[in-house]
Structure formats: C-alpha cells, structure tokens
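First comes the structure, then the notes that go with it.
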Amino acid sequence: MERNDTKNTVCSYVLVKIGDREKLVPAVEKLYINEQVLFCDAVDGDYDLVLLVQGDTDHDLDRFITKEIKGLTGVHAVETCRLETPPVVITESASANSGEDNPTGRYDGSKAQSYLFVETIEEYLSDVERELKALDSVVACDISRGKYPLVVLLRAAGFDLIRKIIAEKIRPLPGVLRVKQSRIIKLFEM
C-alpha cells in the first residue's frame, strides 16, 4: 500500500511527550503501522516521539491527532508543526525499483540522526531555510506553522559532529533564535 502520496494531503510533525517511558514502545508499535503515519521516531530531549503524519484535510488530520495520538495511554503533551507544503517522500516500491538502498537519504542506521526544531525571526525564515538545505548533513528541512517554524532532520557520523554543526553552522545564522535538538534513538534493531 502506498501511503505517502502527499500531493493532495496535509502533513504535520507531531511531537509527543509520554510520561511513563514503559508506554513508549507500545505507542510506537501502534502508531508505526498506521497508514496516516509516514515516520515515527523515538527521540530524546524535550519529546519522546516525533511523527510525520498526513491526512486528506486539516480536519481529518486534527481528528487523527486527537483520537489516535492524544488518546494513547501515557501521552502527556502533544505539539503540532503543520507543514506549509507536503514533504517529498519516496515509496518503498519506488525505492525497490530504483536500485538504491535509501534514495531519500532520510534514514541511515549507520549514522547519528537528530531532529532540530528551529525558532527564527520571521523575516529571516526563507534565508535560514535556504542555508540549512545547502548543508550536506541536512536530510530534510520543512517550514511549519506552529511553535517551530523549521523542522530539520540532520544526519552525521556521530552526535558530537551534529553538536558541532549546530554550534558552528546553524546557531550563527542570521535570524536563528533557538535550536532544540532531539536525537533519534533506536528502539528496535530490525
């Protein structure tokens, strides 16, 4: 089933805080298989889960977030970052036909990966987005409506290098106010 034809859909990052860490694995197991969930990552930092979800309309997406995510046992807080434009996501079948192991570059289990939630001065948003997309370590950079105007997926050889990239290349950009990092953690080895 192709669940990532995002042309006519609305998408949102959903940042989830789960109070009881024992509830994390069951939450991931339930959400991971849902057709409205494009990505579901366990993370450390201010949140426990970062999801990229889609719906046919804003109302459909809000209903899914309320019923399926906020309704999960153990969920304490949910923050949404609605995307201005749908992300580019390549289907598994397209990946298999392309001959590449990972054509989107979104995931590489051999590298450290982190989500960055970037707060910017509004007038600098497009400049910051352009600068971030030019960085080799940036896998995805999405403009969102919500608390964080930019949601970035960063990948590097290690978390020390990610911290260095944040300190030396991202925080100094004109217009960047704050950067919060949530490192992706591996719950399961497949």
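Things to note:
- Leading residue by the ranking (farthest from residue 120 (Cα to Cα)) among those in the stretch 164-190 that are assigned to a helix (DSSP H, G or I) and in contact (Cβ under 8 Å) with a residue 12 or more places away in the chain: 165
- Residue 17 among the basic types (Lys, Arg) and closer than 27 Å to residue 141 by Cβ: yes
- Matching entry among 79, 92, 84 (being of a type in the set (Asp, Glu) and either in contact with a helix residue (DSSP H, G or I) (Cβ under 8 Å, 6 or more places away or on another chain) or at pLDDT below 80 (or both)): 92
- Flag for residue 152 being modelled with pLDDT of 95 or more, of a type outside the set (Phe, Trp, Tyr) and either surrounded by 15 or more Cβ atoms within 10 Å (Cβ to Cβ) or outside any loop (DSSP other than H, G, I, E, B) (or both): yes
- Subset of the stretch 56-78 [within 22 Å of residue 29 (Cβ to Cβ) and in contact (Cβ under 8 Å) with a residue 12 or more places away in the chain]: 61, 64, 65, 68, 69, 72, 73, 74, 75, 76, 77, 78
- Considering residues of the stretch 10-42 that are within 18 Å of residue 147 (Cα to Cα) and of a type in the set (Val, Ile, Thr) only, the residue surrounded by the fewest Cβ atoms within 10 Å (Cβ to Cβ): 10
- Subset of the stretch 28-56 that is of a type in the set (Gly, Ala, Ser) and closer than 27 Å to residue 178 by Cβ - its residue that is modelled with the highest pLDDT: 42
- Residue in the stretch 57-64 that is exposed (fewer than 15 other Cβ atoms within 10 Å of the Cβ), under 23 Å from residue 182 (Cα atoms) and modelled with pLDDT under 95 present: no
The values are calculated or read from the model by the stated rules, or taken from the named source; none is laboratory data. This is a predicted model, so every value here is computed, not measured. Positions of Cβ are backbone-derived with ideal geometry, glycine not excepted, and every protein chain shown enters the neighbour counts.
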